[in-house]
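The structure appears below as structure tokens.
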Amino acid sequence: MFKPALFLIPLVALTACATPRERCVSSANRQVSTLDQLISETRGNISRGYGLVEVQDVRVVRSSCEGTNSDGTEFRFPCDETRTYTRQEPVTINVADEQTKLAQLLERRDAAARAAQAQVQQCIAVHPE
């Protein structure tokens with residue numbers, strides 16, 4: 001499943017070093033990229049015959065922690081550490097609905113790509129190199 005927050009982390013890191021033109025072009029293509037991810041996910045669902053959803057499990061793990069006394073000596077003590085694990089779980093889908101969704105996403109992507117191309121041309125005009 002597509003995680004927008006995880007997708008944007010490298011994008012934010014890259015845009016920090018990008019030129020104004022590169023940032024403009026990246027922004028213009030963002031919707032197309034998002035639609036590409038959704039199309040890929042939907043195609044995967046159709047080919048598998050089921051969808052995948054992310055489920056988070058929280059577990060408490062017994063661990064050993066360290067502390068420091070007021071006199072500077074260190075000591076160890078048992079402690080619990082809470083960890084979160086993410087896993088994918090299959091879910092049923094209606095393949096016909098997924099195919100309809102795919103067709104709609106492809107149409108939206110075509111329109112978004114045309115709009116992005118116009119925006120990219122505007123970026124080039126506004127930010128010549």
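The values are calculated or read from the model by the stated rules, or taken from the named source; none is laboratory data. Remember, it's a predicted structure, so these values are computed and weren't measured experimentally. In this analysis, Cβ positions are derived from the backbone assuming ideal geometry, glycine residues included, and neighbour counts consider all displayed protein chains. Only protein heavy atoms, including side chains, enter the accessible area calculation; ligands, DNA and RNA are left aside. Shrake-Rupley method; radii C 1.70, N 1.55, O 1.52, S 1.80 Å.
The average projected area of the chain, computed from the convex hull of its Cα atoms over all directions, is 13.6 nm².
Of the complete DSSP H runs in the chain, those spanning 27 angstrom or more by Cα along the long axis with a mean Kyte-Doolittle score not below -0.5 are 95-126. Ranking ILE39, ILE46 from most to least accessible surface, computed with a 1.4 Å probe over the protein chains only, gives ILE46, ILE39. Rounded to 0.05, the FRET efficiency of the ALA118 and THR34 pair, given R0 = 30 Å and the Cβ-Cβ distance, is 0.95.
By the Cβ distance rule (another cysteine Cβ under 4.7 Å), the unpaired cysteines of the chain are CYS17. The alpha carbon gyration tensor of region 56-117 gives principal lengths a ≥ b ≥ c with a/c of 1.5 or higher and a/b no greater than b/c, which makes the shape oblate. With a ≥ b ≥ c the root eigenvalues of the C-alpha gyration tensor of region 81-129, is it rounded (a/c under 1.5), prolate (a/b larger than b/c) or oblate? Verdict is oblate for region 81-129. Modelled spin labels at LEU106 and GLU81, positioned 7 Å past Cα toward Cβ, are 4.8 nm from each other.
Here the chain is assigned +1 on the Cβ of each Lys and Arg and -1 on the Cβ of each Asp and Glu. Its dipole about the Cα centre then comes out at about 420 debye. Amide H contacts of ILE93: GLY51, each under 5 Å away and 5 or more positions distant or on a separate chain (H built 1.01 Å from N in the peptide plane; Pro and chain starts excluded). Couplings for region 57-69, taken from phi via the Karplus curve 6.51 cos²θ - 1.76 cosθ + 1.60 with θ = phi - 60°, read 10, 10, 10, 9, 10, 6, 9, 10, 10, 10, x, 10, 6 Hz in order; Gly and Pro are left as x.
Expressed as a whole percent, the accessible surface of the chain that belongs to carbon and sulfur atoms is 53, based on a 1.4 Å probe. Heavy-atom accessible area, probed at 1.4 angstrom with all protein chains present, ranks GLU41, GLU89, GLU129 as GLU129, GLU89, GLU41, highest first.
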